[in-house]
Structures are given as C-alpha cells and as structure tokens.
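Structure first, then comments.
Coordinate-derived values only; no laboratory data. Source: prediction; values computed, not measured. Cβ placement follows ideal geometry from the backbone for every residue including glycine, while neighbour counts extend to all protein chains displayed.
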Amino acid sequence: MNYLRTAILLAGLTALFMGVGFLIGGQSGAMIALVIAAAMNLFSYWNSDRMVLSMHGAQEVDHSTAPDLVNLVAGLAERAGLPMPRVFIMDNPQPNAFATGRNPEHAAVAVTTGLMERMSREELAGVIAHELAHIKNHDTLIMTITATIAGAISMIAQFGMFFGGNRDNNNGGGMGMIGTLAMMILAPIAAMLVQMAISRTREYSADNLGARIAGRPDWLASALRRLEEAAHVIPNEAAERSPATAHMFIVNPLSGRGMDNLFATHPSTENRVAALEELARELHAGGGWQQEAAAPRAPQRTPQGPWHRGPAGRPGGPWG
C-alpha cells in the first residue's frame, strides 16, 4: 500500500511539474518537464536522503564522536527489529528530529543539537523510537522524495516567473501576465499538495509504534510537549529556507512566519499526547508496559553525557 501511495503522489507531482513546464515553454516545455521529472524521480529514489540531510547541514556521527547517542539508537533499533541506521547530528538550536532513507537497510536518523541539549535521555529515546517507527513503517521513502521534488517544483516555478511572459509573444502581454500569475500560485499549491499527501495518520501510527518500541508512551508524550513549545520560540533557519521538508520532522519546525501556515502538516500535539496517554493506560492495564520495558537488551551507556540523568535529575535513563 505504501508503494501505491508513493506512485500516486509521484504521478501528481510529475503532472504539476509538466504544468509548470507548459506555462514556461508550451507543449515542448511540458515534454521537457516530463523527461526532467522522470529523471528526478529516479535520482530522488537513490539520492534524496543525502540531499535532505545536506539541506539541514547534518553531519554523520559514530561511536567515537557521539557514543551516547549512537548507543541509544542501536539499542532502540535492536528493540524495533531494524538494521542499525546511520546517525546524524544537525547543528540547530531547535529541538527536533527526522528520519530518511529509501528503506530500512538504507535509513538514517538525524537529530538537532537542541534536541540533545534540551531533552532528558528518556525523552530522547521516545523521539528516536518515533523516527525508527517511520523507518519500520516504510514512511521515509515517500517523505524524502516528496520533499525533494516539491522543492524542485517551487524552484522551477520561481524561475518561470522571470521567463513565462516571453513564452508566447504572439498572444500579447495578457498571456504572459497570466502565465506569471499562474507561476506565483503554482509554487504554494505544489507545496500544499505535498503536505496534504503526507497523511497525518502517519504521525499517529509512528507515535504508537515508537511508544511501544521505547516501552514507555509517557517518554514520547513528554518530549512532544516540550518540542511543540520550543518550536514556537526557537527558529529553525534551515527548515525556513526549505519548508517543503517540514513534514519530515517529528513536530512542525516552522515558526509561523510568512506563509508557514501552508505547511501545517502535523496533527495537533495535544491530540497526539492524548493518544499516547490512552496507549499508556492500555499497556499498563494489560501488563504490556512491564513486558515492553523488560524486552530486549538496553544499549550500553557511557558514564557521562547529556542524558546520564532522567527528567527529575535522577540517575538512570531508558531501561535504567
């Protein structure tokens, strides 16, 4: 079903791309856009994850450069039954995270420095488990490809604003003006289509599965509350420059400036927290809470690091 949704979405984006090409160069422009879109779809399948990571300045880390973080990801990936993803850190003060990759075997998890600095180890575990759930649900392919192609559509639409008026001089300035206005409208429409295509149910599903992977829904619920609050006061400049990637983050990274409300792709944090609280009650009543917490081996932790104490300053952390 994920592959069907991906195919439908890519077909829609390709049609939009062809529409922009038509406004720039008529029928020949549409055909050229079709060829470009086909090449971009193939390129995005193999390379879009790298492009998105690059957009946000993500740097890969390993056991020698970020042992606490990598060990935590490794332990959660083991609990989820997933291959170990690559781990990246984004130098960004806003606490946030996303996952990317065309499949679980080629996946990556990226977190901001703000997330590592502001979250307890338990909360960080909840966030990472949510991103691993996206990987396990095969959401990352469609999320990454749509971000890349939507950005390209917006760029070519802006490019067309400068040249659309020259497409058909035989029809006078009126057609040029219509083409220019259409270009100005197509870019936000394309972006909205991408955001609407990323179903909000994906976030609820990832919350549910992520909470089960971590073993404690309250960890993710606590993280979501703090993430939502921080996103409103701490700007994410990389996301502001590439708003088509906003749907990839665990919470909306856009601050609300300008046209950011067009990219409100995430469900209400209040509703997400309520769903997690209900899940916690179900697990607790059925004994699943304790079973989850006792499931596979926890990651090893170094004596020091930003998560060596819990939310209330107590020693421990996930599974501690």
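So for each of 88-101, 54-67, 123-136, 227-240 I average, over its residues, the number of other beta carbons within 10 Å; can you give me the resulting order with the highest mean first?
Answer by packing, highest mean first, reads 123-136, 88-101, 227-240, 54-67.
Please give the net charge around residue 88, taking every other residue with its beta carbon less than 13 angstrom from that of residue 88, where Lys and Arg add +1 and Asp and Glu add -1.
Residues near residue 88 contribute -3 overall.
Using +1 at the C-beta of Lys and Arg and -1 at the C-beta of Asp and Glu, which of 51, 94, 70 has the Cα lying farthest in the positive direction of the dipole of the range 28-118?
Final value for the positive-end residue is 51.
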